[in-house]
Structure formats: C-alpha cells, structure tokens
Amino acid sequence: MSLETLWLALLGLLLAGYFVLGGYDYGAQMLSPFLGSADAGPRPDDVPATGAGAGTGTGPGGRNAALDAIAPFFLGNEVWLVAFAGVMFGAFPHLEGSLLSGLYPLIVAILAGLVLGNAAIQLRGRSRGPRAAKVWNALVVLGGALPAVCWGIVVGLLLHGVPRRADGSFHIGAGEVFGPFALTCGVATALLFAGHGAAFVALRSEPGTAAAARRVGATLLAAAGAAGALALLLSLFGAGASMTRTGTSAVLFALVVAALAAGWWYLNRGRDALAFTATCLATALPVLLIGAGQYPYLLSASAGGGITVDEAVADGATLKVLIGFGVVVVPLILLYQGWSWWAFRGRTGRRHPSYF
C-alpha cells in the first residue's frame with residue numbers, strides 16, 4: 001500500500017469515527033426534550049456537577065435521560081474531528097485549500113453549533129427558573145441539529161460535485177448549498193444522527209427511557225431511509241450524486257439501506273446493542289461512499305473531473321514526517337476511546353453515576 005493510499009484511508013477512518021461518535025452526541029442533544037427525565041431520581045450523595053458532563057444533573061434544568069447517556073463521553077468524541085482536521089491540513093494541503101474556501105459558512109455554522117451546544121449543556125443545570133431552563137434546552141437541541149444538518153449538506157455537496165471556475169478553483173455558492181440534493185442530504189443526516197442517538201440512549205438508559213428511545217429511534221431511522229430514497233431518486237434523474245464508480249457506489253448505498261433496516265428491526269425488538277451497531281455502520285458508510293465512490297477524485301467537479309488523490313496529497317517527504325502522527329497519536333485516540341467505553345460500560349445509574 002502506497003503512502004498516499006494509507007493517508008487517504010486514515011483520513012476516512014477519522015472522519016467516519018467522528019460521524020459515529022459525534023453523531024450520537026448530536027442525536028442525543030436533538031432528542032433530549034422528547035425522552036423525558038432520567039428514570040432514577042437524584043441520590044442523596046449527588047453533588048453539583050463539574051467538568052465534561054456538567055449541567056445534566058439536578059437543578060432547574062432537571063435531570064435528562066438523553067444527556068445522562070452521553071455525559072461520560074461528552075466532548076471527548078470531538079477529538080476525532082480535531083485529528084481529521086490535522087490529517088487533512090498536513091497530508092492533503094491542496095484539498096484543504098480548495099475545499100474549505102467554499103465551505104467557510106458551513107464550517108462556521110458547525111463550529112457555532114458545537115460551541116452553542118456544549119455551553120448550553122454545561123449551563124442548563126445551573127439555570128435559575130423554568131424560563132431560563134427552556135431557553136437552555138432549546139439551545140441544546142439547536143447545538144445538535146445545526147452541525148448534523150450542516151455535515152449532511154457537506155456530504156451532499158461532495159457527492160454531487162461542486163462548480164469549478166475557469167482558473168481551476170472551486171466555488172460553492174448559495175445555489176449549491178441550498179440545492180435540493182444537498183438539503184435532502186442535510187435532512188437525511190440529521191434524521192440518521194437522531195436515530196443513532198436514540199439507539200445509543202436505548203443502550204445506555206434504564207428500561208423506561210430505553211423503551212421510549214427505541215420507539216423514537218425506529219421512527220427516525222424509517223424517516224432517514226425515506227429521505228435517502230429521495231436523494232437516490234434525485235440522483236437517478238441527474239440532480240443528485242455524480243459518482244465515478246457507479247458499481248461501488250450502488251453496493252455502498254445498498255449497505256447503508258441494509259444498516260438502516262437492521263437498526264429499525266433491532267430497535268423494534270429491543271436488541272439495543274445490535275441496533276446501535278447497525279446505526280454505527282449507517283453513519284460511517286457515507287464517508288466510504290464519498291471516498292470509494294468517487295475515487296480517484298478527492299474533490300469532484302459538477303461538470304466532471306476534479307482534484308485527484310495524487311494532486312491533493314503532500315509530497316512524499318512530508319508524508320514520511322507525518323508517519324509519527326499516525327503511529328503514535330491515532331493508537332492513543334483508539335486506546336482512550338476504548339478505555340472510556342470500558343470504564344463507563346453499562347446503563348446509567350447501575351455501573352457508574354448517571355451524571356457528572
């Protein structure tokens with residue numbers, strides 16, 4: 001395997017990991033008003049929360065089952081996004097220069113959603129009065145929905161291809177961002193992340209909340225499948241995805257549909273671990289669809305062609321210097337993620353405190 005292929009695979013792995021792990025964070029935030037309070041009441045030894053999970057405990061904001069579920073992993077999942085950005089800037093500088101210049105509004109909206117959601121979760125438990133609590137709760141939902149929709153639009157733009165100027169630069173304007181295919185992908189991704197979050201809450205919560213999360217999650221996954229079908233219909237009529245490898249793309253799209261169907265099936269039957277595994281696959285596969293379905297292009301043009309992997313990648317000397325990042329940092333991220341899941345395994349309120 002060449003260095004270029006290795007770094008492309010690593011770039012895809014980091015983005016897929018972020019979609020899987022950050023996706024259930026955003027989904028749980030979007031669902032937090034609809035899953036009610038945590039089943040178990042506060043314990044006598046509970047104290048005001050500090051740190052990553054702060055704001056999900058007692059107080060005017062109330063305990064919240066969805067936020068309790070993500071509390072031990074909150075903020076830690078964003079490490080994958082930071083690592084993805086680091087690899088893109090270091091190993092694919094030409095892609096970064098061509099892509100981000102047209103995506104600044106969406107990137108700013110994603111970052112604004114991250115900051116807004118993180119701050120709202122931290123502060124909702126310290127709000128004074130029901131009116132302030134409602135405001136923070138609404139901001140929690142917005143902080144999850146805004147990045148989810150924007151990431152879906154980014155996926156839609158990459159699948160569709162972006163306009164290329166005569167000088168070879170790429171331009172992404174309002175017409176592309178608010179086009180029917182990009183918006184459909186945005187809605188589908190938000191629904192998918194919400195269903196993914198519901199599966200995670202069902203896996204982590206007490207029986208009453210888990211049952212509610214299963215019902216909501218199954219509905220959301222069905223809606224995500226319907227939005228995906230609309231995106232496919234647009235593609236068949238020439239207004240959607242433009243793929244260089246149609247056979248590979250068809251197989252990957254079928255796998256996404258199968259993962260959604262499996263998630264729906266297992267949620268309806270109370271198989272929480274299998275349902276969450278299926279939604280993990282459904283959130284990760286769109287990244288593979290972009291990479292494998294449009295290979296050898298990393299950024300395709302709507303009129304054909306684009307930037308290939310060889311054109312976007314850094315020189316060989318730079319890639320060799322960056323090997324230390326992949327050899328040291330990526331395994332550390334995986335070890336940390338595995339340790340955190342092991343340390344906080346089980347349902348909230350049983351193996352560990354349900355909020356921090």
(request) Look through G263, G324 and report the one residue that is part of a helix (DSSP H, G or I), loosely packed, with under 15 Cβ neighbours inside 10 Å and on the phi < 0 side of the Ramachandran plot. (result) G324
(message) Consider segment 101-120. How many of its residues are more than 18 Å from the chain's Cα centre (by Cα), closer than 30 Å to G324 by Cβ and surrounded by 15 or more Cβ atoms within 10 Å (Cβ to Cβ)?
(response) 0
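Working carefully through the options V329, V287, V309, find the one that is within 17 Å of L15 (Cβ to Cβ) and touching a strand residue (DSSP E or B) at 6+ places or on another chain (Cβ under 8 Å). If you could, list the steps in order and put the result at the bottom.
Values: V329 fails: touching a strand residue (DSSP E or B) at 6+ places or on another chain (Cβ under 8 Å); V287 fails: touching a strand residue (DSSP E or B) at 6+ places or on another chain (Cβ under 8 Å).
So the residue among V329, V287, V309 that is within 17 Å of L15 (Cβ to Cβ) and touching a strand residue (DSSP E or B) at 6+ places or on another chain (Cβ under 8 Å) is V309.
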(request) Mind listing whichever residues of segment 8-36 are surrounded by fewer than 21 Cβ atoms within 10 Å (Cβ to Cβ), in a helix (DSSP H, G or I) and not aliphatic (A, V, I, L, M)? (result) G12
(request) Output the residue which, of all residues in segment 121-134 that are in contact with a Pro (Cβ under 9 Å, 6 or more places away or on another chain) and either under 19 Å from I70 (Cα atoms) or open to solvent by less than 70 Å² (accessible area, probe 1.4 Å) (or both), is modelled with the lowest pLDDT. (result) S127
(request) Taking A138 as the residue in question, decide whether it is more than 20 Å from G291 (Cα to Cα) and open to solvent by 20 Å² or more (accessible area, probe 1.4 Å). (result) yes
(request) Would you mention how many residues in segment 234-253 are open to solvent by 50 Å² or more (accessible area, probe 1.4 Å) and within 20 Å of the chain's Cα centre (by Cα)? (result) 1
(request) Scan segment 330-356 residue by residue and report those that are modelled with pLDDT under 80, aromatic (F, W, Y) and open to solvent by 60 Å² or more (accessible area, probe 1.4 Å). (result) F356
(request) Given the conditions (1) in a loop (DSSP other than H, G, I, E, B); (2) more than 22 Å from the chain's Cα centre (by Cα), report the number of the one that R345 does not fulfil. (result) (2)
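Might you check whether a residue that is open to solvent by less than 10 Å² (accessible area, probe 1.4 Å), of a type in the set (G, A, S) and farther than 30 Å from A65 by Cα occurs anywhere in segment 188-195? It would help to see each step written out before you state the result.
Looking only at segment 188-195, we keep the residues that are open to solvent by less than 10 Å² (accessible area, probe 1.4 Å), and these are 193-195.
Filter once more, keeping what is of a type in the set (G, A, S): 194-195.
With farther than 30 Å from A65 by Cα added as a condition, the list becomes none.
So far as segment 188-195 goes, no, none of its residues is open to solvent by less than 10 Å² (accessible area, probe 1.4 Å), of a type in the set (G, A, S) and farther than 30 Å from A65 by Cα.
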(request) Would you check if A275 is crowded, with 16+ Cβ neighbours inside 10 Å and touching a Ser or Thr at 6+ places or on another chain (Cβ under 8 Å)? (result) no
(message) Please pick out the residue among A258, A282 that is at pLDDT 95 or above, outside any loop (DSSP other than H, G, I, E, B) and open to solvent by less than 30 Å² (accessible area, probe 1.4 Å).
(response) A282
(message) Please go through segment 76-90 and give me each residue that is open to solvent by less than 20 Å² (accessible area, probe 1.4 Å), at pLDDT 80 or above and in contact with a Gly (Cβ under 9 Å, 6 or more places away or on another chain), ordered by number.
(response) W80, A83, V87
(request) Given the conditions (1) closer than 24 Å to C280 by Cβ; (2) in contact (Cβ under 8 Å) with a residue 24 or more places away in the chain; (3) open to solvent by 60 Å² or more (accessible area, probe 1.4 Å), report the number of the one that G144 does not fulfil. (result) (3)
(message) Cβ contacts < 8 Å: first residue within 22 Å of G129 (Cβ to Cβ) and modelled with pLDDT under 70, restricted to segment 59-75; second residue in a helix (DSSP H, G or I) and open to solvent by 10 Å² or more (accessible area, probe 1.4 Å), any location; separation 6+ or different chain. Result?
(response) P60/P130; P60/A132; G61/W136; G61/N137
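Which residues, counting only those in segment 71-110, are among the hydrophobic types (A, V, I, L, M, F, W, C) and closer than 19 Å to A174 by Cα? Full working, then the answer.
First, the residues of segment 71-110 that are among the hydrophobic types (A, V, I, L, M, F, W, C): 71, 73-75, 79-85, 87-89, 91-92, 95, 99-100, 103, 106-110.
The answer is L99, L100, L103, L106, I107, V108, A109, I110.
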(message) Just the residues that are among the β-branched types (V, I, T) and open to solvent by less than 10 Å² (accessible area, probe 1.4 Å), please, taken from segment 196-226.
(response) V201, T209
(request) Keeping to segment 291-318, report how many residues are of a type in the set (V, I, T) and open to solvent by less than 20 Å² (accessible area, probe 1.4 Å). (result) 3
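The values are calculated or read from the model by the stated rules, or taken from the named source; none is laboratory data. The structure presented is a predicted model; accordingly, all values stated were derived computationally and were not measured. Glycine gets a Cβ as well: all are built from the backbone with ideal geometry, and neighbour counts include every protein chain shown. Ligands, DNA and RNA are stripped out before the accessible areas are found, and what is left, the full protein with its side chains, is counted by its heavy atoms. Shrake-Rupley method; radii C 1.70, N 1.55, O 1.52, S 1.80 Å.
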